[in-house]
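Comments concern the structure below.
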Amino acid sequence: MKALDYREIDGGLPFYMLVGAIGVFVLAALGAAFYMEHNGHWVTGMNNQIVWGTPHVFAVFLIVAASGALNVASISSVFSKAMYKPLARLSGLLAITLLVGGLAVLVLDLGRPDRLIVAMTYYNFKSIFAWNIMLYTGFMGIVAIYLWMMMERKMNQYTKIAGFTAFIWRLTLTTGTGSIFGFLVARQAYDAAIMAPMFIIMSFSFGLAIFILVLMGLYRWSNRPLGDAIVYRLKNLLGVFIAAVLYFVMAYHLTNLYAAENHGVERFILMDGGVYTQMFWIVQVGIGSLLPLLLLFGPAGKSRLWIGIACLLTIIGGLAQIYVIIIGGQAYPMEMFPGKEVIESSFFDGVVGSYTPSLPEFVLGIGGIALALVATVIGTRVLRFLPVSLADDQVDPHHSAADAA
Amino acid sequence: MSEESGIDVYRRRFLSGTAKAAAGMAVAPGVFLHEVAHGKPADQAVTSDVRWGMLIDSGKCADGCNDCVTACNTENGLTGHGRPATDAQWIRKVKLKDKQTGYTQTLPMLCQHCEHPPCVDVCPTGASFKRPDGIVLVDKHICIGCRYCMLACPYKARSFIHEDLQDQMPYAPRGKGTVESCTFCVHRVDSDRTPACVEACTAENHNAMVFGDMNDPDSEISRQLKQYNSRQIRPDLQLNTGVRYRGI
């Protein structure tokens, strides 16, 4: 294998136009956040029943995807797969930018975002949320060091140890994110140990889908060659991850279905929960999992366009999955009085919580994705993240496109 | 918190309380001493010698009566905006019907002031906290408005302030963008009075709510808890709630 030549992407007008085009969404998100904070959260779809809404769906999705985006680098550094090595830098960059995007959404949705400094100076160590604040900031630092080890020739010898640390850290981080829900005893849909490993496997899938899309997009935009060997290898891996997520989803629901106390919430999500049921079966399972599997492993799997569409569907399916978990899980009424029916309450006890996403929430969420993308684009402009060529003969001479497919 | 903002009020009450107590002790020590022992002078720290609790008798809770809720709203300055989904509610009336037997009953739901409160466990900054005497509160100065406590509370006891506030009570400070819930009227409790909801229920002669020190075997609440069968809501969670119910 030849020594790879990494270069910054070209500047000039096309670069600024790209940054400007994505930046518009970031600005819109800032406007939306200001609007929500100024008026108070009553202008959103959120209320005292559904306390976490669309911004949290995007934020959790991005945070989960961030740790997953690092997988490509981990496969290279920790599991010594040479083929992934040229992709490792972009993998690390995306891990940081996606996390920044997710955290920005989370912080801008706080009731008091101006108290960010309080969140960083007052800690309740029994709170998984407090742990996550440290896991997230630590992750950015560790991945930054890992990137430095990779990009500075003198430091290359430490790449493996840095990569290993980052790998362990990212597993811990996603465990922490899943545990935000896994540790909640109050609600029927949460309080499950499987949440943590399920979030890890979800991160594999969402992170890789975003990685493939960004990789194909950046190479196409910068007119650099990207061979089939890498694309086919990555899309096959994505297929395995999508199937693994489905397996965890199945295990979660089957376990719940066995216990009578969970029949209500399972019936709600799987059968008569209206939008949540549709979101689960049609978006998450149908067009977000089964369809991409069909596209990736069927004849369409040879086409870049269809691979891209499969990645996009996986992302949409992932957002739907988190929507069902976060909002569906809150919408199902809490079982405070088993065996009794609440026939009157001024506080919506015993009824399905109502939530309609509002435009500002959605704009804020999209802005998180835009922030991650614009930071990635700028990153590749100022530092050498991307190899000049990822053509098949550059990547791994022992792999032909036919083998990988 | 309320202790700071109402410090003058406390000082006044403390001084007059001490004067009365001194006079009382001189006259009838046995009777009076028992009464003042409940309160906490403003310059003394709250201790775990006391565990404030409430016993609610669903059988005495009148269907259609909303006095506890009204009293709470008035006392704590909870003026709504006519938007029930986002307006704060610290106490609410709930009407239940047994799915099997059709038996109906009503009861007030409020913060259960758990010994092991999930809201305190999950709060990232420690803004949700429990006083040694069992009262669960939110420190509005360090609440960042993440609402994780609302997700964690098994009783749906908490409200997020969704919009600007007017006419706040000096002893019950609130803040847009932060979370709040029933304080057991901590400002009243600290000056030897009962929570507004209990007072209203008693004034109406329903007597469905009893408030007191569960650690004091001679208190009314302890005697009733010992005498009658009562239960916690969601006892499976083992939170050892400070609010107990009869007749559910």
Within straight-line cross-link reach of A:Lys302, lysines at Cα separation under 16 Å, skipping those fewer than 8 residues along the same chain = A:Lys235
Kyte-Doolittle at least -0.5, axis length at least 24 Å by Cα - qualifying DSSP helices, chain A | A:13-39, A:88-109, A:128-151, A:159-182, A:195-221, A:228-258, A:304-323, A:359-382
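Using the number of other C-beta atoms within 10 angstrom as an exposure proxy, rank B:Thr70, A:Thr172 with the fewest first.
Working: B:Thr70 14, A:Thr172 17.
With the fewest neighbours first, B:Thr70, A:Thr172 line up as B:Thr70, A:Thr172.
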Dipole of chain A, positive direction: furthest Cα of A:Ala65, A:Ser179, A:Pro55, with charges on the beta-carbon | A:Ala65
Applying a 4.7 angstrom Cβ cut-off across the protein assembly as shown, unpaired cysteine residues come out as A:Cys311, B:Cys61, B:Cys65, B:Cys72, B:Cys114, B:Cys123, B:Cys143, B:Cys146, B:Cys153, B:Cys185, B:Cys201
Three principal axis lengths of segment B:121-202 [C-alpha, angstrom, descending] = 36, 30, 21
Approximate spin-label separation B:Ala203-A:Asp393, in nm, with each point projected 7 Å along Cα-to-Cβ | 9.2 nm
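What is the mean number of Cβ atoms from other protein chains located within 10 Å of the Cβ atom of each residue in peptide A:116-129, rounded to a whole number? Please report the intermediate quantities before stating the final value.
Details: counts 1, 1, 8, 5, 1, 2, 9, 3, 11, 2, 6, 12, 4, 9.
Partner-chain Cβ atoms within 10 Å, mean over residues of A:116-129: 5.
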Length-normalised contact order for chain A - Cα pairs under 8 Å, 6+ apart - percent = 33 percent
Can you give me the three principal axis dimensions of segment B:46-246 from its C-alpha atoms, in Å, biggest first?
-> 43, 39, 34
So what's the gap between the Cα centers of segment B:127-145 and segment A:360-393, to the nearest angstrom?
-> 41 Å
Starting from the Cα of A:Lys160, draw a straight line to each of the aspartates and glutamates and keep only those under 17 Å, dropping any in the same chain fewer than 8 residues away.
-> A:Glu152
On each of the three principal axes of the Cα atoms of the protein assembly as shown, give max minus min coordinate, whole Å, ordered largest first.
-> 101, 53, 40
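Which value, in debye to the nearest 20, gives the size of the charge dipole of chain A about its Cα centre, when Lys and Arg are +1 and Asp and Glu are -1 at the Cβ? Mind dumping the intermediate values first?
Numbers: 23 positive and 21 negative charges, 278 e Å.
Approximately 1340 debye in magnitude.
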When A:Val245, A:Val382 are arranged by how many other beta-carbons sit within 10 Å of their Cβ, fewest first, they go A:Val382, A:Val245
Taking Cα atoms only, Rg over Rh for segment A:20-177 with Rh from the Kirkwood formula is 1.04
Taking N as the number of residues in segment A:7-71, what is its Cα Rg relative to 2.2 N^0.38 Å?
-> 1.56
With -39,500 (n - 2.57) per DSSP H segment of 4 or more residues and division by the full residue count of chain A, the 222 nm estimate, nearest 500 deg cm²/dmol, is -20500 deg cm²/dmol
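Average partner chain C-beta neighbours within 10 Å, per residue of B:84-96? List each step's numbers first, then the result.
On the way: counts 5, 12, 9, 5, 1, 5, 0, 2, 6, 4, 11, 8, 11.
Mean number of neighbouring Cβ atoms from other chains: 6.
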Rounded to whole Hz, the Karplus (6.51, -1.76, 1.60) HN-Hα couplings of segment B:69-74, x for glycine and proline = 5, 4, 4, 4, 4, 5
Could you list A:Ile309, A:Ile9, A:Ile282 in order of exposure, starting from the residue whose Cβ has the fewest other Cβ atoms within 10 Å?
-> A:Ile282, A:Ile309, A:Ile9
If you count, for every residue in B:177-185, the Cβ atoms of partner chains within 10 Å of its Cβ, what is the mean?
-> 2
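None of the figures in this text is laboratory data; all of them are computed from the coordinates on show. Remember, it's a predicted structure, so these values are computed and weren't measured experimentally. Virtual Cβ from ideal backbone geometry, glycine too; neighbours counted across all protein chains shown.
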